[in-house]
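Take a look at the structure set out below.
The values are calculated or read from the model by the stated rules, or taken from the named source; none is laboratory data. Model, not experiment: these values are computed from the prediction. Cβ atoms come from the backbone with ideal geometry, glycine included; neighbour counts cover every protein chain shown.
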């Protein structure tokens, strides 16, 4: 079963991908499947129909593992004139 993760790479926008299993503490690289933007679009830095990418752990800042149901809309701190506040 694939694990949905958000990957934060040094000097790049985070992207969403699937992992077969979480990397071990001594892993030197990680294989991500189906990389895409948070909006579920194709990432611009990939060419063609790429299904998997291998990243060196030295390029990864951190990996988020969201829990189920965490896709709820987050209320921001921006004044919303439509809601009068």
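Some notes on this structure:
- Condition check for residue 24: under 16 Å from residue 7 (Cα atoms), more than 17 Å from the chain's Cα centre (by Cα), surrounded by fewer than 10 Cβ atoms within 10 Å (Cβ to Cβ) and modelled with pLDDT under 95: yes
- Members of the stretch 4-29 that are under 18 Å from residue 66 (Cα atoms) and in a strand (DSSP E or B): 4, 5, 6, 7, 8, 9, 15, 16, 17, 18, 19
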